[in-house]
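The values are calculated or read from the model by the stated rules, or taken from the named source; none is laboratory data. The structure displayed is predicted, hence computed values, not measured ones. As a convention, Cβ positions derive from the backbone with ideal geometry for all residues, glycine included, and neighbour counts pool all protein chains shown.
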Amino acid sequence: MTDDFEDFAQWRGGVDDRLGRLEAKVETEAHLRAAMDRDMGNLHTEFRAQRSMLQALHDTQQDHTARLTRVEDRLGSVEDRLGNVADRLGNVEDALQLVRVGVEAIHGKLDTLLERD
């Protein structure tokens with residue numbers, strides 16, 4: 001009978017040891033899971049922040065593209081108007097050349113008239 005009690009005591013001691021190791025392992029894994037949950041929460045927060053930043057960049061890029069398009073449209077209009085001004089200035093230069101020729105002709109005639117006198 002003593003053998004039975006000794007065997008039982010050994011068996012129980014082995015079970016207690018295994019149970020103690022199992023409880024320690026379960027506690028360690030519980031801490032690891034809690035740390036993993038915190039890390040996942042932090043990652044989720046970081047992903048939300050990055051997504052918000054990317055959305056802000058997207059919105060800013062769209063705004064800048066719209067502004068640049070408006071500037072390019074206005075610049076095209078200015079270029080067209082400058083082309084019209086250049087054409088009109090060419091016409092004025094041509095007219096002034098005719099006036100210069102006319103004034104020179106008048107001077108020539110006046111010189112001729114003055115030389116006769």
Q: Looking for whichever is surrounded by 10 or more Cβ atoms within 10 Å (Cβ to Cβ), over 55 Å from the mean Cα position of the chain (by Cα) and not basic (Lys, Arg) here; the options are LEU89, LEU110. Which one fits?
A: LEU110
Q) Do the conditions hold for ARG12, that is, is it modelled with pLDDT of 90 or more and either touching a Pro at 6+ places or on another chain (Cβ under 9 Å) or of a type in the set (Lys, Arg) (or both)? A) no
Q | Unique match (being modelled with pLDDT under 90 and either surrounded by 10 or more Cβ atoms within 10 Å (Cβ to Cβ) or of a type in the set (A, V, I, L, M) (or both)) among ASP39, ASP63, ASP59, ASP3 | A | ASP39
